[in-house]
Amino acid sequence: MASPRDWITKGLELARRLGLWTREIDTLAHYYRLGQLSPSMQELLERAIAPAHAIAREHPERALFDTPASQPGELPVGTLPDGKRFNLKLDQLSQGCLCVGTTGSGKTTLLRALALALFIHLNLLRPRGVWLVDHQKPDLEQAVALAKERGFEVAILTPRVPINPLLPPEGVSARAWAVKVVSILSFALQLSEVATLYLRPVLSQLFDRVRLPRWGDLVQAVKTTSGILESVRRPLLLKLEGMASDMEGLDASDRALRIEELEKHFVYFPLYRFPRDHARLIFAWARWASFTRRVEHREQHASPNLVVIEDEIGFAYDAGSGNDFISMLCAVQRSTGIAFIGANQTFDLLPQILANCNTRLIGRIATLPDARTSAEILTLSRDQQEWHVTHPRPGQFIAKLPYGHVLPFTFTADNPPAPNLSEKARTEAEAVLFRHLNVARPGRPPALSPDERIVLTSCHSKPFMFVTERARDCGLTNHRMNRAKTDLLQRGYLIENELDPCRRGAKPKLCEITDEGCRAAGLPLPGWHGRAGGYLHHFGKHLVAVHYQRRGYRTEFERSVGEGHFADVVATLGKEQVAVEVQCGIDHAAENLRKFSRGFGRVEFLCFDAPTKKALERLLGDGIRVNHYTFYANDLNHFQSGNDRSSTPTTWEESA
């Protein structure tokens, strides 16, 4: 326990740091330092610094970090601990911005707020573009919906948009671009060193011979060029021809989308919807083309002309090769007018990326190596590092800026209401680039095979089945089921949701039918499409209904509780009524609790992972039951089929 003298010394330090220093404290502190405080004066001093200790106990980050007096800038992204707004300057983004945090730390929320701020600000400064890149799942799609709600034009890049990666950017010589295309194709097709060595002279000769080379010209050149080993030629041709057959817009030439035009748009890159090879091709082509054009022109910009926002950049590369593209972009972004904003769950990145991203926004972390790295790049003290490991809440970050207030400080990211992208808005966004090129959208995709149609119909009528059980329900072998599922995933007709089993063993997977899949099979859109929570939210309501129905309760979905509010599930047994709310995160949890103020004997919340459960328990307080559904690898079929086997463990964990 601290001595009275230590308590007073700490209180004086806190009062000065928190802006609570008054003339009375200044006078009493003077006598305190001289050792001339009488007991009555010491009592006055202790009473004056008590508010500083109270704030430090409730908000320890304010006691540990120096909050800036003000942070002027064009881009509002959050709130400081003292309630003031935290704004980033556009020029700070031109020095690279890195956001790191574990799952649930609020990275996507921060990127979404930052993207919306850029949409609003850069809309007045056209031609300036913002690229939103999703590598793994549609995290940033809600930023597109927010921008569309504000009236901004946003384009979505689809596999059918005509592009020609062989077309040199404006102002770049064909020979210089041929060298870059070798790197692009080597990365996209995962070519061996031998295949890359043979491809280099083929591309050089092709660019010398053809003014506007097409993908088909490249395939023909590989076929006819002598001196290539057949053991190299055959697999290379298979990859080139397979990519052309799967991507309709790949073999375009003069009507292709040029990179300099793409930079003028707000573009959403849903790379998770592309096959892996195509996603790597788009990833490499867009960065190399923009990078090369600006380096060749030797353009100088005071502020970024193009902002690239990427979520989960760890998925952007295989075996570190994609890291090279990002590190080169970070190294020259100030001179080329390209601002890079990247988010990742860990610091597993090249040192060049960490060194060249001078604006650092670090949220909650999960491992000791990441804690050490964050302490180094944020220059944290031991006490600050301890707070960073144990205290940050979702949405709370430590910021380290390249200039201005250079000491680390904390802020809470804005969390604007995030609507889902409606089907009408999505169609409009997908048509922007076609309209810009003045070309018609391609025709209907190839017809579905019988197996694919069976799988889509099953996913529509019985959406909450795991893959193994669905194969039995469809009457397909595992091989036929996997082949149909893979084709449907590549064409964007299905989305695979992988759930954490919270125990050792295989991770269960659920297949969700997309809007495109419904249209291809001639089926109506499912009820959860376009609603808050989406597929996982409705899956949770299904689990709740099964759980209570097996115990004799009668269940009802979306029951009105008055004042325009609805309960997700209400279970009734005699006079007992239980209201259950499914929480895919902690957003709106307090509002959901308030709507159950009366009329129910018990209120429960269901979540899907342990961090969300702990956050909900802290937020909701004692007396509210938070249920955490745990998937057991040996119990999936039991829970889904409803067979009551008392020997199997329960899949419903309760904590009072």
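Scanning segment 444-488 for residues that are in a loop (DSSP other than H, G, I, E, B), open to solvent by 70 Å² or more (accessible area, probe 1.4 Å) and within 21 Å of Arg273 (Cα to Cα) yields Arg444, Pro446, Ala447.
Of the numbered criteria (1) open to solvent by 10 Å² or more (accessible area, probe 1.4 Å); (2) among the hydrophobic types (A, V, I, L, M, F, W, C); (3) in contact with a helix residue (DSSP H, G or I) (Cβ under 8 Å, 6 or more places away or on another chain); (4) farther than 30 Å from Arg293 by Cα, the one Leu350 fails is (4).
Taken over segment 545-574, residues that are surrounded by 11 or more Cβ atoms within 10 Å (Cβ to Cβ), more than 33 Å from the chain's Cα centre (by Cα) and of a type in the set (Gly, Ala, Ser) amount to 1. If you filter segment 498-517 down to residues that are out of contact with any helix residue (DSSP H, G or I) (no Cβ under 6 Å at 6 or more places or on another chain), open to solvent by 40 Å² or more (accessible area, probe 1.4 Å) and within 16 Å of Met465 (Cβ to Cβ), you find that the one that is modelled with the lowest pLDDT is Lys507. Scanning segment 377-421 for residues that are of a type in the set (Phe, Trp, Tyr) and closer than 26 Å to Ala115 by Cα returns Phe397, Tyr403, Phe409, Phe411. For segment 130-144, the set of residues classified as of a type in the set (S, T, N, Q) and either on the phi > 0 side of the Ramachandran plot or crowded, with 17+ Cβ neighbours inside 10 Å (or both) consists of Gln142 only.
Yes or no, residue by residue, for (1) within 30 Å of Gln333 (Cβ to Cβ); (2) modelled with pLDDT under 85; (3) out of contact with any strand residue (DSSP E or B) (no Cβ under 9 Å at 6 or more places or on another chain):
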residue	(1), (2), (3)
Asp6	no, yes, yes
Gly19	no, yes, yes
His30	no, yes, yes
Gln42	no, yes, yes
Ala50	no, yes, yes
Ala56	no, yes, yes
Pro68	yes, yes, no
Cys97	yes, no, no
Ser105	yes, no, no
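For segment 88-105, the criterion of a residue being open to solvent by 30 Å² or more (accessible area, probe 1.4 Å), outside any loop (DSSP other than H, G, I, E, B) and closer than 17 Å to Val406 by Cα is satisfied by at least one position.
Scanning segment 381-410 for residues that are under 24 Å from Leu93 (Cβ atoms) and surrounded by fewer than 16 Cβ atoms within 10 Å (Cβ to Cβ) returns Tyr403, Gly404, His405, Val406, Leu407. On the given criteria, is Ala155 modelled with pLDDT of 90 or more and out of contact with any Ser or Thr (no Cβ under 6 Å at 6 or more places or on another chain)? Against the criterion (modelled with pLDDT of 90 or more and out of contact with any Ser or Thr (no Cβ under 6 Å at 6 or more places or on another chain)), Ala155 qualifies.
Scanning segment 382-424 for residues that are over 13 Å from Gly106 (Cβ atoms) and touching a Gly at 6+ places or on another chain (Cβ under 8 Å) gives Asn420, Ser422, Glu423.
Within segment 353-370, if we keep just the residues that are over 11 Å from Thr102 (Cβ atoms) and assigned to a helix (DSSP H, G or I), the residue that is most open to solvent (accessible area, probe 1.4 Å) turns out to be Leu368. Among the residues of segment 4-51, the ones that are of a type in the set (A, V, I, L, M, F, W, C) and over 20 Å from Asp82 (Cβ atoms) come to 9 in all.
Could you go through segment 239-251 and let me know if any residue there is at pLDDT 85 or above and either within 30 Å of Arg334 (Cβ to Cβ) or within 36 Å of the chain's Cα centre (by Cα) (or both). Yes: segment 239-251 contains one or more residues that are at pLDDT 85 or above and either within 30 Å of Arg334 (Cβ to Cβ) or within 36 Å of the chain's Cα centre (by Cα) (or both). Within segment 78-104, the set of residues being more than 13 Å from Glu312 (Cα to Cα) and of a type in the set (Ser, Thr, Tyr) comprises Thr79, Ser94.
Exactly one residue out of Ala117, Ala147, Ala195 is in contact with a strand residue (DSSP E or B) (Cβ under 6 Å, 6 or more places away or on another chain), more than 26 Å from Ile495 (Cα to Cα) and surrounded by 16 or more Cβ atoms within 10 Å (Cβ to Cβ): that is Ala117. A residue that is assigned to a helix (DSSP H, G or I) and among the hydrophobic types (A, V, I, L, M, F, W, C) cannot be found anywhere in segment 124-141. Only one of the numbered conditions (1) open to solvent by 60 Å² or more (accessible area, probe 1.4 Å); (2) modelled with pLDDT of 75 or more; (3) under 20 Å from the mean Cα position of the chain (by Cα) is not met by Ser231, and that is (3). In the set (1) open to solvent by less than 10 Å² (accessible area, probe 1.4 Å); (2) within 27 Å of Lys137 (Cα to Cα); (3) not in a helix (DSSP H, G or I), the condition left unmet by Ala429 is number (3).
The values are calculated or read from the model by the stated rules, or taken from the named source; none is laboratory data. Owing to the predicted nature of the structure, the values given are computational and were not obtained by experimental measurement. No Cβ is skipped: glycine too gets one built from the backbone with ideal geometry, and neighbour counts run over all protein chains shown. For accessibility, only protein heavy atoms count, side chains too; no ligands or nucleic acids. Shrake-Rupley method; radii C 1.70, N 1.55, O 1.52, S 1.80 Å.
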